[in-house]
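Taking it in order: structure first as structure tokens, then the write-up.
What follows draws every value from the coordinates through simple rules; no lab data is involved. Note that the structure is a prediction, hence the values are computed from the model and not measured. Cβ coordinates were reconstructed from backbone atoms using ideal geometry, including for glycine residues, and neighbour counts include every protein chain displayed.
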Amino acid sequence: MKTTLALISLLALVATPAAAGDLDQLTTRLAKADSNHDGMITRAEFTGFRRTQFDEMDRNHDGYVSDKDVPGFARRGERGDRLRRLITEFDKNQDGRIDRTEFLNGPTVIFDRADADGNDVVDGFELRQIKAGA
Ligand SMILES: [Ca+2]
Ligand SMILES: [Ca+2]
Ligand SMILES: [Ca+2]
């Protein structure tokens, strides 16, 4: 149960935020991608973080993120919806699952949104801005 929740919170980071309430959580998680802890998240750090995420999300280790990685009871309702939305956004070759390449090269909605000046770095100011709902 606990691991399922962890997976769902990871889904929240990569999928498009559904509500303003998600935004606060998203920035908190975005900050976790700051691997050298300098208060800024570069696009490279964001991609590196995704690599880790993929390994965590691919729970059955078959090399794909799909509904097989979510237990049956969690496929219904909001969790299942989030996963399906994620697959729709990332599944470039439309085989119904996300492989590592699709995931790493997938849309960076959260990052792009936070990176207001588009210089491929989300700095502390931009993080605070998005947290404030700007
Ligand atoms: Ca950094
Ligand atoms: Ca999998
Ligand atoms: Ca695919």
(message) For a protection proxy built on the mean count of beta-carbon atoms within 10 angstrom, sort 97-107, 70-80 highest first, please.
(response) 97-107, 70-80
(message) How much length would be gained if the chain were fully extended between D38 and R84, taking 0.36 nm per residue of separation minus their Cα-Cα distance, in nm to one decimal?
(response) 13.1 nm
(message) Need the full-extension length gain, R29 to T101, defined as separation in residues times 0.36 nm minus the C-alpha distance. One decimal, nm.
(response) 23.7 nm
(request) Show me 31-37, 49-55 ranked by packing, highest mean number of other Cβ atoms within 10 Å first. (result) 49-55, 31-37
